[in-house]
1. What about A:Thr156, is it out of contact with any strand residue (DSSP E or B) (no Cβ under 9 Å at 6 or more places or on another chain), modelled with pLDDT of 95 or more and within 16 Å of DNA strand B (Cβ to nearest atom)?
2. Would segment A:53-61 turn up any residue that is within 16 Å of DNA strand B (Cβ to nearest atom), among the basic types (Lys, Arg) and loosely packed, with under 15 Cβ neighbours inside 10 Å?
3. Which condition breaks for A:Ala94 when tested against (1) within 16 Å of DNA strand B (Cβ to nearest atom); (2) within 22 Å of A:Ala18 (Cα to Cα)?
4. Return the residues of segment A:222-247 that are within 16 Å of DNA strand B (Cβ to nearest atom) and surrounded by fewer than 17 Cβ atoms within 10 Å (Cβ to Cβ); say none if nothing qualifies.
5. Only residues that are touching a residue at least 60 places away in the same chain (Cβ under 8 Å) and surrounded by fewer than 18 Cβ atoms within 10 Å (Cβ to Cβ): list them for segment A:18-51, please.
6. Looking at segment A:132-173, which of its residues are exposed (fewer than 14 other Cβ atoms within 10 Å of the Cβ) and either farther than 24 Å from A:Trp205 by Cα or touching a residue at least 60 places away in the same chain (Cβ under 8 Å) (or both)?
7. Return the residues of segment A:117-134 that are of a type in the set (Phe, Trp, Tyr) and within 17 Å of A:Leu171 (Cβ to Cβ); say none if nothing qualifies.
8. Could you grab the pairs with beta carbons closer than 7 Å, sequence gap of 6+ or different chains, first residue in segment A:174-197 and closer than 22 Å to A:Glu257 by Cα, second one of a type in the set (Asp, Glu) and outside any helix (DSSP H, G or I)?
Amino acid sequence: MRIATWNVNSIKQRVENAVAWLSATQPDVVCMQETKCLDNAFPREAFEDLGYNIAVHGQKAFNGVAILSKLPLEDVKLGLPGDDEDDHARFMEATVSTPSGAVRVATIYLPNGNPANTDKYTYKISWMDRLFTYAHERLKLEEPLVLAGDFNVIPTPADVHNPELWTTDALFLPHTRSKFRALTYLGLTDAIRAVTEEPNVYTFWDYQAGAWQKNNGIRIDHLLLSPAAADRLTGAGIDKHVRAWEKPSDHVPVWVELRDK
DNA sequence: ATGGCCAATATGATTGGA
């Protein structure tokens with residue numbers, strides 16, 4: 001089965017591109033981020049017409065996540081545990097029951113955290129700590145688990161075009177990368193890095209300053225696999241061509257292919 | 001030519017993004 005993640009940067013602005021991409025690549029599950037609309041404004045019909053079940057967790061104007069799945073979505077849980085005061089729509093998990101067993105999927109929109117000397121960065125780090133706790137708990141179940149989304153973390157200098165320009169950025173600070181490493185050291189596999197060691201493999205190109213034309217990108221959209229999911233990994237990739245379409249998101253889809261048991 | 005964007009909001013300037 002194919003599981004993908006895509007920060008769409010407003011689903012209402014991206015319906016045409018999303019329908020084209022879904023029709024062409026036929027992913028079984030899609031984790032979306034930055035849907036940027038209330039649940040009742042999500043353009044469900046366009047995707048239901050393609051055979052997808054949809055679970056949404058949105059809010060007005062900002063953030064917002066969704067999961068689309070050809071199989072029914074079960075045990076849908078909204079919000080990352082650990083802070084009842086956090087009202088940002090940035091996390092949702094669900095399971096899909098495949099003939100080979102249940103697969104748990106989480107869609108993640110990790111806080112940006114800039115500027116790094118403000119409470120926005122404090123929020124980012126506390127969110128990462130909560131994600132660590134969540135992952136630690138879920139990994140105890142020894143299930144196939146896929147954490148998919150916009151992590152707003154550049155893991156290494158090989159994942160950014162000009163690392164020297166990012167040294168004080170919340171996406172690349174040593175403390176940020178340390179928290180991301182701690183998460184992966186729980187036993188999660190970064191799917192793209194499991195299939196390629198090539199540098200300059202990106203998932204985001206800024207709209208500004210000709211970043212796309214100059215391949216001035218960063219790799220911040222990730223699929224992290226539990227051991228039971230990584231055991232089934234047969235492929236992973238980045239649908240880079242989508243960035244060249246009309247009216248693109250600044251992020252492109254990233255996907256994994258998991259074999260049946 | 002050494003700068004250049006995009007999306008949402010009771011919009012026409014501000015905020016957030018990365």
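The values are calculated or read from the model by the stated rules, or taken from the named source; none is laboratory data. What you see is a predicted model, and the numbers here were worked out from it, not measured in a lab. All Cβ positions, even for glycine, are placed from backbone atoms using ideal geometry, and neighbour counts span all protein chains on display.
1. Yes: the conditions hold for A:Thr156.
2. yes
3. Just one mismatch for A:Ala94, condition (1).
4. A:Ala244, A:Trp245, A:Glu246, A:Lys247
5. Listed by number, the residues that qualify are A:Ala20, A:Thr25.
6. Answer for segment A:132-173, where residues must be exposed (fewer than 14 other Cβ atoms within 10 Å of the Cβ) and either farther than 24 Å from A:Trp205 by Cα or touching a residue at least 60 places away in the same chain (Cβ under 8 Å) (or both): A:Thr133, A:His136, A:Glu137, A:Lys140, A:Leu141, A:Glu142.
7. Result: A:Tyr121, A:Tyr123, A:Trp127.
8. A:Thr184/A:Asp190
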